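The values are calculated or read from the model by the stated rules, or taken from the named source; none is laboratory data. Just so it is clear, the model here is predicted, and its values are computed rather than measured. Reconstructed Cβ throughout: ideal geometry from the backbone, glycine too, with neighbour counts over all protein chains shown. Ligands, DNA and RNA are excluded from the accessible area calculation, which covers all protein heavy atoms including side chains. Shrake-Rupley method; radii C 1.70, N 1.55, O 1.52, S 1.80 Å.
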Amino acid sequence: MKKSVYIMSSIEIIIGAIILSQCSIIKIVLPELGRVAYQAAAAGSYSPMLYKVSFPLATFFGVGLIAAGFVQMIISALKNKGR
């Protein structure tokens, strides 16, 4: 396998994993920050459903980068196996 293809595929997989992990961290932290800010501003009821966060585009790109990285590695390995 060519080293450049392996390096680019690895970078794509790592960037995809970073995007997915950042999205999940934000999904966990943002409702907690909303609750704290609401409690500090005024007394009342807090609904965590108001602060539900979704990142469909970022998740799509993260999964797409990971899949593209694996596909590139597999295609490169199959091409070089015949040589």
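If you filter region 46-73 down to residues that are open to solvent by 100 Å² or more (accessible area, probe 1.4 Å) and farther than 16 Å from L30 by Cα, you find that the one that is modelled with the lowest pLDDT is L57. Name the pairs whose Cβ atoms lie under 9 Å apart, with the first residue in region 17-31 and under 12 Å from A58 (Cα atoms) and touching a residue at least 40 places away in the same chain (Cβ under 8 Å), the second of a type in the set (F, W, Y) and open to solvent by less than 80 Å² (accessible area, probe 1.4 Å), and 6 or more positions between them or separate chains? Correct list of pairs: I19/F55. Filtering region 18-28 down to residues that are open to solvent by 70 Å² or more (accessible area, probe 1.4 Å) and aliphatic (A, V, I, L, M), which residue is modelled with the lowest pLDDT? Restricting to residues being open to solvent by 70 Å² or more (accessible area, probe 1.4 Å) and aliphatic (A, V, I, L, M), the top hit is I28.
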